[in-house]
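Student: The structure's right below; bear with me while I get my questions together.
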Amino acid sequence: MKFLTKIPPAHTQRLAVTFLWSLTLLSLGMLLFVIAFILWHGLPHVTWGFLTETPRSMGREGGIGPIIVGTLWVAGLAGLIAAPIGVTTAVYLTEYKREGKLTAVIRFGADCLAGIPSIIFGLFGFVFFVITLGMGLSIISGALTLALMVLPTIIRTSEEAIRAVPRSYRDVSYGLGCTRWQMVTGVVLKAAMPGVGTGVVLAIGRSISETAAVMLTAGSALDMPRTMSDSTRTMALHFYMLSREGISMTNAYATAAVLIVAILAINLLAYGIMRRFVARVS
Amino acid sequence: MLVALTAMSGLAIITAFIFKEGLPIINKVGVWNFIFSGDWHPKEGKFGIAPMIVGSIAVTSGAMIIAVVLGVGCAIVLTQFCPRKLTGVLKPSIELLAGIPSVVYGFIGVTTLVPLIRDYLGGPGLSVLASSIVLGVMALPTVTSISVDALQAVPLAYREGSIALGATEWQTTRMVMLRAGKSGIVAAVILGMGRAVGETMAVIMVAGNTLVMPDGPLSPVRTLTSHIAMEMGYSAGDHRKALFATGVVLFVIIMALNTIALAVSHRKAARAGR
């Protein structure tokens, strides 16, 4: 390091800034490359027929109609299950409980849950929902597993949203004679709604892009799902199977393009809601 | 109150079930044999996951070198050298990288990166190196986003004070900001590591998945996660239990990483509160 000190600080400054900026541009470049590569190869093959038809001969031909429906079922259901639990937890953590042992335990649980890899969720969902509870490889097993997986995301974002609601809202509603319950449901949650919504939208996005956990719990059936106990294949898994087994590269690219567009739309939606929320609260 | 405990009880049930399924076989084979033996022959009752443990460690270390250099670099630029408006655009875009499905990363790795490695560096292409790069890119948003938060949490006065003393921006960054934000950055790195260790599908696609101990950056590997995912489909009996036992090992590693990350960031919180 000695030679570094001999170079004048102004030069090291310029050197460091150039180096760091090139790292940043490289990172951003990769993001653009990933998205552009998939869209470039995939979008030309995405037609109305592709989006609606049923896949034929293991997905070599035909479209991904049932797969889109299955993905929406699994991800939507996971969000629907996780949202009330997550929001209630967040309300409990922020409005009802002073910081203490119990909140620390709940937070620790959520933090650890957030760190568990999806394949472990898959293993768990497989023994617990699929085998022990006898739900089989099905939409509901997949959704329950994913709900557990995305729960920490919803808790964290809802908690932040509820904390961001100004103190004065609470004081005024108490001043008007509200009970705590009325205050929480009528005032705080209403004000925090967009923030909570962001969390749920992000959670659904995460469910859609998940592969390992749904592979072990929802199965990989290609038929149009009719009930919640039918097995289904999600888009991410379909893409994986098409490309991994070399079934059809064009359909794999097209599926990936649909997936990427969905993920981008979901993230932009979440970002949009969040910005509106921040603008309103502050 | 009861609902609030769902996350905690979910964690408890997951732990209980994974251990219940996995521990008996570890006892049967012996902890030592299970972790340090390289023989995986389910039909003969031989279950040794040493190559997979080494594989996971090799791939994760490689990934972390990439993720830390790029991630912390990005975080420094975003917090120190970049107009606020631009940061507001760049940070969400990098976080967007985290939303892209892991299979997409794996697929791009296998279609673009693997042939490059095969043609220019030799070997089968499906390798430790390819998996490290793919995982590094995947862990990048986690590392960047948490490091940015850590650096933004450093009081502005530190930076202003240092600049006022005549230090250049880079000297300030290196000697003041990075030091003050150190624990947050360490937490970011550990959480990124957790993401890299736990990733499954992307690794299956680019790692090559042989059951042999890897002997260099260009040799194919199998990680703990891909081991579970690949054999789960056709396993039964002791074989399946041994995969759960692999899950137990993975689980223990991840929990250790999480606990360290939490402890580090708590220490930071404690120090900030003082």
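The values are calculated or read from the model by the stated rules, or taken from the named source; none is laboratory data. Please read all numbers here as calculations on a predicted model, not as lab measurements. Here the Cβ positions follow ideal geometry from the backbone for every residue, glycine too, while neighbour counts run over all protein chains shown. Calculation scope for accessible area: heavy atoms of the full protein, side chains included, ligands and nucleic acids excluded. Shrake-Rupley method; radii C 1.70, N 1.55, O 1.52, S 1.80 Å.
Student: Using the alpha-carbon centroid of each, what span in Å lies between the range B:144-212 and the range A:157-172?
Tutor: Cα centres, the range B:144-212 to the range A:157-172: 30 Å.
Student: Determine, from the Cβ-Cβ distance of A:R280 and A:F108 and an R0 of 30 Å, the FRET efficiency 1/(1 + (r/R0)^6), rounded to the nearest 0.05. Mind dumping the intermediate values first?
Tutor: Working: r = 32 Å, r/R0 = 1.07.
Computed FRET efficiency for A:R280 and A:F108: 0.40.
Student: Where nothing but the Cβ of Lys and Arg (+1) and of Asp and Glu (-1) is charged, how large is the charge dipole of the protein assembly as shown around its Cα centre, in debye to the nearest 20? Write out the running numbers ahead of the final one.
Tutor: Details: 42 positive and 24 negative charges, 358 e Å.
Computed about the Cα centre, the dipole is about 1720 debye.
Student: Further question: By its C-alpha gyration tensor, with a ≥ b ≥ c as the square roots of the eigenvalues, how is the protein assembly as shown shaped: rounded for a/c under 1.5, else prolate for a/b larger than b/c, else oblate? Intermediate values should be presented prior to the final figure.
Tutor: Working: a/c = 1.42, a/b = 1.14, b/c = 1.24.
Because its axes are fairly even, with a/c under 1.5, the protein assembly as shown counts as rounded.
Student: Using the basic label-point model (7 angstrom from Cα toward the beta carbon), what is the B:M213 to A:S22 distance in nanometres?
Tutor: Going by the 7 Å Cα→Cβ label model, 3.9 nm.
Student: What nm distance separates the two modelled labels at A:A164 and A:L268, each placed 7 Å from Cα along Cα→Cβ?
Tutor: Computed distance between label sites A:A164 and A:L268 equals 2.1 nm.
Student: OK, next. For A:Y271, what accessible area in Å² do you get when you roll a 1.4 Å probe over the heavy atoms of the protein chains, rounding to the nearest 10?
Tutor: 90
Student: In debye, nearest 20, what is the charge dipole magnitude of chain A about its Cα centre with +1 on Lys and Arg Cβ and -1 on Asp and Glu Cβ, if you could check?
Tutor: On the way: 22 positive and 12 negative charges, 216 e Å.
With only Lys, Arg, Asp and Glu charged at Cβ, the dipole is about 1040 debye.
Student: State, as an integer percentage, the relative contact order of chain B based on alpha-carbon contacts under 8 Å between residues 6 or more apart. Provide the component values of the computation, followed by the final result.
Tutor: Working: 401 pairs, mean separation 77.0, N = 274.
That works out to 28 percent.
Student: Mind ranking B:66-75, A:77-86 by how tightly packed they are, going by the mean number of other C-beta atoms within 10 angstrom, highest first? Kindly include the intermediate steps, with their values, before the conclusion.
Tutor: Values: B:66-75: 23.9, A:77-86: 21.4.
Ranked from most to least packed, the peptides come out as B:66-75, A:77-86.
Student: If you take each beta carbon of peptide B:104-111 and count the beta carbons of other chains within 10 angstrom, what is the mean?
Tutor: Values: counts 15, 2, 5, 11, 6, 0, 2, 6.
Averaged over the peptide's residues, the number is 6.
Student: Now, a different point. Do any trypsin sites (Lys or Arg not before Pro) in the range A:70-168 lie in a loop, going by DSSP, with at most 13 other beta-carbon atoms within 10 Å of their beta carbon, and if so which?
Tutor: Details: sites: A:K97, A:R98, A:K101, A:R107, A:R156, A:R163, A:R167; in loops: A:K97, A:R98.
Hits after loop and neighbour filter: A:R98.
Student: Summarise the accessible area of the range A:48-281 (1.4 Å probe, protein heavy atoms) by the percent that is carbon and sulfur. Provide the component values of the computation, followed by the final result.
Tutor: Details: 6130 of 9480 Å².
Exposed carbon and sulfur together represent 65 percent of the surface.
Student: Let me ask you something else. Given only helices, namely DSSP H runs of n ≥ 4 each adding -39500 (n - 2.57), what is the per-residue ellipticity at 222 nm of chain A, to the nearest 500 deg cm²/dmol? Before the final figure, lay out the partial values.
Tutor: Details: 12 runs with 199 residues, N = 282.
After summing the helix terms and dividing by residue count, I get -23500 deg cm²/dmol.
Student: Ratio of Rg to Rh for the range A:48-281, alpha carbon only, Kirkwood? Before the final figure, lay out the partial values.
Tutor: On the way: Rg = 20.0 Å, Rh = 19.0 Å.
Result for the range A:48-281 is an Rg/Rh of 1.05.
Student: Okay, next question. Any idea how far the Cα center of the range A:234-282 sits from the one of the range B:57-87, in Å?
Tutor: The range A:234-282 and the range B:57-87 have Cα centres spaced 24 Å from each other.
Student: Given R₀ = 22 Å, FRET efficiency for A:V261-A:M228 by Cβ-Cβ distance, to 0.05?
Tutor: Numbers: r = 27 Å, r/R0 = 1.20.
Rounded to the nearest 0.05, the efficiency is 0.25.
Student: I would also like to ask the following. For the protein assembly as shown, what is the accessible area per residue in Å² when the probe is 1.4 Å?
Tutor: Working: 24100 Å² over 556 residues.
Value returned for the protein assembly as shown: 43 Å² of accessible area per residue.
Student: Express the relative contact order of the range B:120-223 as a whole percentage, based on alpha carbon pairs under 8 Å and six or more residues apart in sequence.
Tutor: Numbers: 112 pairs, mean separation 50.8, N = 104.
This gives 49 percent for the range B:120-223.
Student: Among B:P214, B:Y158, A:A147, whose Cα sits farthest toward the positive end of the charge dipole of the protein assembly as shown (+1 at Cβ of Lys/Arg, -1 at Cβ of Asp/Glu, about the Cα centre)?
Tutor: Among B:P214, B:Y158, A:A147, the one farthest towards the positive end of the dipole of the protein assembly as shown is B:Y158.
Student: In nm, to one decimal, how far is the modelled label at B:Y234 from the one at B:I163, with both set 7 Å along Cα→Cβ?
Tutor: Here the answer is 6.3 nm between the modelled labels.
Student: Number of Lys pairs in the protein assembly as shown with C-alpha atoms less than 19 angstrom apart, excluding same-chain neighbours closer than eight positions?
Tutor: 8
Student: Which of A:I119, A:V261, A:G175 sits farthest toward the positive end of the charge dipole of the protein assembly as shown, with +1 on the Cβ of Lys and Arg and -1 on the Cβ of Asp and Glu?
Tutor: After comparing all options, I get A:G175.
Student: What is the percent carbon and sulfur in the accessible area of chain B, measuring with a 1.4 Å probe over the protein chains and ignoring ligands?
Tutor: Values: 7550 of 11300 Å².
C and S atoms contribute 67 percent here.
Student: Efficiency by 1/(1 + (r/R0)^6): what FRET value for B:K20 and B:T112, r their Cβ-Cβ distance, R0 = 51 Å, to the nearest 0.05? Write down the numbers at each step before the final one.
Tutor: Working: r = 42 Å, r/R0 = 0.83.
Calculated transfer efficiency: 0.75.
Student: Just order A:220-229, B:213-222 by mean Cβ neighbour count inside 10 Å, highest at the front, would you? Could the numbers behind the result be given before it?
Tutor: Values: A:220-229: 14.9, B:213-222: 19.0.
In decreasing order of mean packing, A:220-229, B:213-222 become B:213-222, A:220-229.
Student: Over all distinct alpha-carbon pairs, what is the Kirkwood Rh of the range B:1-106 in angstrom? Write down the numbers at each step before the final one.
Tutor: Values: mean 1/r = 0.0541 Å⁻¹.
After inverting the mean inverse Cα-Cα distance, the result is 18.5 Å.
Student: I would also like to ask the following. Please report, in debye to the nearest 20, how large the charge dipole of the range A:1-117 is about its Cα centre when each Lys and Arg carries +1 at its beta carbon and each Asp and Glu carries -1 there. Intermediate results must be reported in sequence, preceding the final value.
Tutor: Numbers: 9 positive and 5 negative charges, 126 e Å.
Dipole about the Cα centre, nearest 20: 600 debye.
Student: Report the B-A buried area as the accessible area lost on both sides summed, probe 1.4 Å, in Å² to the nearest 100. Walk me through the numbers on the way to the answer.
Tutor: Working: alone 14290 and 15760 Å², together 24100 Å².
By this definition, chains B and A bury close to 5900 Å².
Student: Please tell me the relative contact order of the range A:48-281 in percent, rounded to the nearest whole number, where contacts are Cα pairs under 8 Å and at least six residues apart.
Tutor: 28
Student: Where does each of B:239-245, B:77-83 land if you order them by average Cβ count within 10 Å, highest first? Don't skip to the answer; put the middle values down first.
Tutor: Numbers: B:239-245: 23.6, B:77-83: 19.4.
So the peptides B:239-245, B:77-83, ranked by packing, come out B:239-245, B:77-83.
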